Structures are given as structure tokens and as C-alpha cells.
Amino acid sequence: MTWTRRPITALAVCAVLLAGSAGCASRAAQGEGEVTSSPVGRLLDERDEDGSPYREVDEEEAPEVGVEVVPDSEGGWDVRLRVRNFRFSPDGTDRRVVAGRGTARLEVNGHRVALLRTPEYHLSGDFVPRGTHKVTARLYADDGSVWAVDGEPVESTADITVSWEEPSADPSVEPIAGTSALGAVVPGVPASGSPAAEVPGAGASASGAVDGRGRGGGRGSPAGAGRAW
């Protein structure tokens, strides 16, 4: 009898321990404000230019982003992101995946410019010389994976165009006394009549998608996404 009771007692102790562990796990899972450790979405084989994998999530719970680019008075551009189902992670956040949280990477013509933890950024005019450029914002999880839906990254792109124009004479300006019409002094044009130099930033304009769809296969959706002024 003694030989048979010891295993029974041991089994009973194990059962109590297992029940206690399950109870603790249940209470932990029910903790208010705690983040579960269960995986968010699933990793795909597709990767971005830096080798970061795409993290596929359902469209209903996927984050969304739109980008607006507005020229400032100093030759630069103000970039504003409009996000939905997404919040930016502050500096020092653990590299743990949480649904709808992370950072945004800003690119110009496919080259990374900044890692954003806020929805606003000032883009220096040095990054956008004369010509047309694509400004893209793409959303990432805190572990560096790319948020994706239907195999496409969650991103939005706006096109901006910087043109340089020569100042033209204002017909309402009268020639200075003592000068002929040919030798009239016009602001921005040398008195000798030689062409004026190009003025950096003059004629800066922008155009972009307004349907909220990121270009280059990406995906975004808040109203006004991809806009540039």
C-alpha cells in the first residue's frame, strides 16, 4: 500500500501545480492594459529594399497612412502623415510587435531620408533639387518588419516638382528716369540687359495622388493621402 500511495500523492501534487500554473496564466492574460505575447499577423517571404520582411495583417485591423507635402517659404517642404489604426512608438520602445504600432520611414526617390516617430517632418530642399521627386511614407512594426495587406506594404507616395523660373519684367513698373525702355531696370535683371540667374526654389510646385493609394504597389488610405501642394 505504501508503494502505491506515494505515486498517487505525487500525481496529486503535480495536478495541483498544473492547475495553479493554468490559473496564473489565465489571470495574467486577463490583466488590464497588458500586451499579449501572441504573434501579430504573419511574416511573408517578400522583403523591402533593406531586407525587412513584410508582416501580413487583415485589412480590417491594418494600419493606414497618407502623406501630404507642402512647400515652405525657405525652399524646403513640410511633410505631414495622416494615419489610421496606427500610433507612433516613442524612442526607446522595445522591439516587440504590437498591433497598430511602430514607426514610419520617409523616402525620397527610393532613398531613405528619416525614421519618423511623429507625424510631421521638415524636408530640406537639399533632398529635392530641380525636377520631379517621389516622397514615400511606409509603416513599420517595432521589430523592423513592414506592415502589409494582401502582400503589399502599407505606404503612400506624393510627387513633388521643383521648377526654376526666371523673373519676368512687370509691365506696371515704369522705367527709371534717364533710362530708355531697352535699358529699364527690372528687379532681378542686371541693368546691362543680360539674362537673370535662375532663382533656387522659384516655381516650386507639387502634385500627387489623391485617391489614398500608395504608388509603386503600396497601400494607403486616409482621405487626402498622397497629396502634395
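The values are calculated or read from the model by the stated rules, or taken from the named source; none is laboratory data. Please read all numbers here as calculations on a predicted model, not as lab measurements. Here the Cβ is made from the backbone with ideal geometry for all residues, glycine too, and neighbour counts use every protein chain on show. Accessible surface is based on the protein model in full, side chains and every heavy atom, while ligands, DNA and RNA are left aside. Shrake-Rupley method; radii C 1.70, N 1.55, O 1.52, S 1.80 Å.
Please count how many residues of segment 59-82 are open to solvent by less than 60 Å² (accessible area, probe 1.4 Å) and either among the small types (Gly, Ala, Ser) or outside any strand (DSSP E or B) (or both).
Number satisfying all stated conditions: 6.
Which number in (1) modelled with pLDDT of 95 or more; (2) surrounded by fewer than 20 Cβ atoms within 10 Å (Cβ to Cβ); (3) more than 15 Å from Val146 (Cβ to Cβ); (4) not basic (Lys, Arg) marks the one condition that Pro53 misses?
Failing condition for Pro53: (3).
Restrict the check to segment 29-37 and report whether at least one residue is at pLDDT below 95, of a type in the set (A, V, I, L, M, F, W, C) and more than 27 Å from Thr118 (Cβ to Cβ).
Yes, because at least one residue in segment 29-37 is at pLDDT below 95, of a type in the set (A, V, I, L, M, F, W, C) and more than 27 Å from Thr118 (Cβ to Cβ).
How about segment 48-58: which of its residues are touching a strand residue (DSSP E or B) at 6+ places or on another chain (Cβ under 6 Å) and in a loop (DSSP other than H, G, I, E, B)?
Within segment 48-58, Asp48, Ser52 qualify.
For a quick check of your reading: which strands (runs of 3 or more DSSP E) sit entirely within segment 83-176 and have at least 3 residues that are open to solvent by 10 Å² or more (accessible area, probe 1.4 Å) and at pLDDT 95 or above?
101-108, 111-116, 120-123, 131-140
May I ask you to verify whether Glu68 is in contact with a Gly (Cβ under 7 Å, 6 or more places away or on another chain) and among the acidic types (Asp, Glu)?
yes
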